[in-house]
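Everything on this sheet refers to the single structure shown next.
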Amino acid sequence: MATTIRGDDNWDTTPPAYGRVVRTAGNVSTTSTSLVEVTGSSITITTGANPIYFGACHTIRNNTVGADMVFNFTIDNALQFGTTGLIQDQAVSSQWNMISPQGQSAVLSAGSHTIKEKWRVGGGTGLLLAGTAEGSMFFVNEIK
């Protein structure tokens, strides 16, 4: 007896859309207390009617104790983690932290979508390492 996984033969054989930005040309900083785009973190992909998985991998620090850094993502200018975002506390001045904010969208309409990574600081200067020794990455991947 054969097992039917799907009731038709209309399999979508196109590969999922994806994009990736790896920054190694120099560190990125901000003193903005309002969300701004992480320099170079904008990816446009064309998807089917599917969700996407998005995220980033960074080494970060702030020179001010208690000056949280907040990360968020937008898909077609809509914030994905509300107005609060994902908070990284700076408990020790100039201590390096690893952060990997990530999430999954709802099902998107088929078509072109622009995904951006954004960040802000609660004070001081936020620094994201992006040199040749410590790359920084932002990625998006369609889920099929």
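Please find, among 22, 38, 70, the residue that is open to solvent by 60 Å² or more (accessible area, probe 1.4 Å) and in contact (Cβ under 8 Å) with a residue 40 or more places away in the chain. Reasoning before the result, please.
Numbers: 38 fails: open to solvent by 60 Å² or more (accessible area, probe 1.4 Å); 70 fails: open to solvent by 60 Å² or more (accessible area, probe 1.4 Å).
None of the other options fit; the residue is 22.
Taking segment 96-107 as the search range and keeping residues that are surrounded by fewer than 12 Cβ atoms within 10 Å (Cβ to Cβ), assigned to a loop (DSSP other than H, G, I, E, B) and touching a strand residue (DSSP E or B) at 6+ places or on another chain (Cβ under 8 Å), which one is modelled with the highest pLDDT?
100
If residue 70 meets every condition in (1) assigned to a loop (DSSP other than H, G, I, E, B); (2) modelled with pLDDT under 95; (3) not basic (Lys, Arg) apart from one, which number is that one?
Answer for residue 70: the failing condition is (1).
Within segment 25-35, how many residues turn out to be more than 25 Å from residue 113 (Cα to Cα) and open to solvent by 50 Å² or more (accessible area, probe 1.4 Å)? First the steps, then the outcome.
Taking segment 25-35 as the starting set, the residues that turn out to be more than 25 Å from residue 113 (Cα to Cα) are 25-27, 29-33.
Adding the requirement that they be open to solvent by 50 Å² or more (accessible area, probe 1.4 Å) leaves 25, 27, 29, 31, 33.
Residues meeting the conditions: 5.
Check segment 23-30 and report whether any residue there is in contact with a strand residue (DSSP E or B) (Cβ under 9 Å, 6 or more places away or on another chain), among the hydrophobic types (A, V, I, L, M, F, W, C), closer than 12 Å to residue 126 by Cα and at pLDDT 90 or above.
Yes, because at least one residue in segment 23-30 is in contact with a strand residue (DSSP E or B) (Cβ under 9 Å, 6 or more places away or on another chain), among the hydrophobic types (A, V, I, L, M, F, W, C), closer than 12 Å to residue 126 by Cα and at pLDDT 90 or above.
Of all residues in segment 108-125, how many are in a loop (DSSP other than H, G, I, E, B) and surrounded by fewer than 12 Cβ atoms within 10 Å (Cβ to Cβ)? Talk me through it step by step, then tell me what you get.
Within segment 108-125, the first condition is being in a loop (DSSP other than H, G, I, E, B), and the residues that meet it are 108-110, 122-125.
Now narrow it down to the ones that are surrounded by fewer than 12 Cβ atoms within 10 Å (Cβ to Cβ): 109-110.
Residues in segment 108-125 being in a loop (DSSP other than H, G, I, E, B) and surrounded by fewer than 12 Cβ atoms within 10 Å (Cβ to Cβ): 2 in total.
Inside segment 49-67, can you point out the residues that are at pLDDT 95 or above, open to solvent by less than 30 Å² (accessible area, probe 1.4 Å) and of a type in the set (Gly, Ala, Ser)?
Of everything in segment 49-67, those that are at pLDDT 95 or above, open to solvent by less than 30 Å² (accessible area, probe 1.4 Å) and of a type in the set (Gly, Ala, Ser) turn out to be 55, 56.
The values are calculated or read from the model by the stated rules, or taken from the named source; none is laboratory data. If you're wondering where the values come from, they're calculated on a predicted model, not measured in any experiment. Cβ sites come from the backbone with ideal geometry, for glycine too, and all protein chains shown count toward neighbours. These area figures cover heavy atoms from the full protein model, side chains too; ligands, DNA and RNA do not enter into them. Shrake-Rupley method; radii C 1.70, N 1.55, O 1.52, S 1.80 Å.
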